[in-house]
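The values are calculated or read from the model by the stated rules, or taken from the named source; none is laboratory data. On a predicted model such as this, the values are computed, not experimentally measured, just so you know. Please note: Cβ atoms are built from the backbone with ideal geometry, for glycine as well, and neighbour counts cover all protein chains shown.
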Amino acid sequence: MNTIKKGLAVGLKTTWILGKIIFPITLLVTLLQYTPVLPWIVNLIEPFMGVLGLSGDAAIPLVLGNVLNLYAAIGAILTMELTVKEVFILAIMTSFAHNLIIESTVAAKVGVKLWVVVAVRIFLAVASGIIINLVWHGGNEIAQYGFVSNTANEQVSGFGPILLQGLEKASLGILQLAMIVIPLMIMIQFLKDFKWIDRFSNWMAPFLKLLGMKENTSTTLAAGVVFGLAYGAGVMIQAAKEDGVSKKDLYLVLLFLVSCHAVIEDTLLFAPLGIPIWPLLLIRLIVAILLTMIVSFVWKRVELNGRKEATYEN
C-alpha cells in the first residue's frame, strides 16, 4: 500500500509539473488554428517543398503535424491525392518533428535547452526528407488510403466555441497525461521497491553502454520509446531527482527519444495510408542509435580534451 501511495504522489506531482506546460500551450495552439498564423507558415515554406520531394499542397499536413500532432497531419493527408513516396516522406518527417511546441517544451523541463530539442528534431525531419527524396526513386503510384479514424480538428466558428474547443482539448490533454503518467509512476515504484529496476537496468546495460549511457537511464528510455516524449520526460524528471542521472545522460536519452519515441503508436498510425511501415520504424530506430552514439563519442572527446588541458595547466 505504501508503494501505491508513493507512486501515486509522484504521479500526481509529475502530472502537475507537465500539466502546467501542456494546458496553456494546447489552448494557445488551438486558438492559433483560427488565425492567419498557420496559413502564413504554410505559404512561407511552400516554395521549398520541392527539395523534399513534396508538392506544394503537402506543406499543409507538414505544418499541421509540426505544430499540432500526427492525427492532424494524417487528417490533412486524407484530403489530398499524394503518391506513396510523398506520404512516406511526410510520415518520416512528421514522425521526427511533430507536436513541436508541446513536446519540446515539456522535454526542455528536464534541463535540456529548448532550442537544442527543436533544432535536432527539425534537422532530422528535413535531412530525412531530402535523403529519401534523393535515394528512393520509386513510390510514384498514388497512395491508397485505408480506413483511418479522422481525428483532425473539427472546425468551429465564433470566439466562444473556439475558446471552448481549446479548453476542451487542453483538459483532455491533461486527462490523457494523468491516465498514462500516474499508473506509469506507480508501476515504476513497484519495480523499484521489488528491485526489478536493477534487473532491468542490468539487462539493458550492454545496449546503453553502446549508446554511451549508464544503466540508470533504462527506465526513462523505455518509457519514452513506448509512451512518447512528453511522458518519457515525466519519468526523466523523476529519474534525475531519484536516480542521479547525469546531465550528459539526460541529453543522450533525450536525443535518442526525439528521434525514436512512441514507436508503436506513431508507426501504426500511418499503416492505413498505403505506405511501408517497417522502413518507417527502422529509419527512426537506426537514426536514434547513430545520433546518440555520435554525440556520446564527441562528448567524451571534448571531456577528455578538457581534462588534458587542465592537467597541462597544473
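Some observations on this one:
- Wholly within region 22-80, helices (runs of 4 or more DSSP H) carrying at least 2 residues that are touching a His at 6+ places or on another chain (Cβ under 8 Å), at pLDDT 85 or above and over 18 Å from PHE123 (Cα atoms): none
- All positions within region 85-118 that are β-branched (Val, Ile, Thr) and touching a Ser or Thr at 6+ places or on another chain (Cβ under 7 Å): ILE92, ILE102, VAL117, VAL118
- The set of residues in region 88-114 that are touching a Pro at 6+ places or on another chain (Cβ under 9 Å) and crowded, with 24+ Cβ neighbours inside 10 Å comprises PHE88, LEU90, THR94.
- Among (1) modelled with pLDDT under 80; (2) among the small types (Gly, Ala, Ser); (3) farther than 23 Å from LEU280 by Cα, the one test that SER218 misses: (1)
- Test for ALA143: is it touching an Asp or Glu at 6+ places or on another chain (Cβ under 9 Å) and of a type outside the set (Val, Ile, Thr): yes
- For region 175-212, a tally of residues being in contact (Cβ under 8 Å) with a residue 60 or more places away in the chain and either exposed (fewer than 15 other Cβ atoms within 10 Å of the Cβ) or more than 20 Å from LEU254 (Cα to Cα) (or both) returns 9.
- Scan of region 247-264 for residues that are over 12 Å from the mean Cα position of the chain (by Cα), over 15 Å from PHE227 (Cβ atoms) and either buried (at least 22 other Cβ atoms within 10 Å of the Cβ) or modelled with pLDDT under 85 (or both), ordered by number: LYS247, ASP249, LEU250, LEU252
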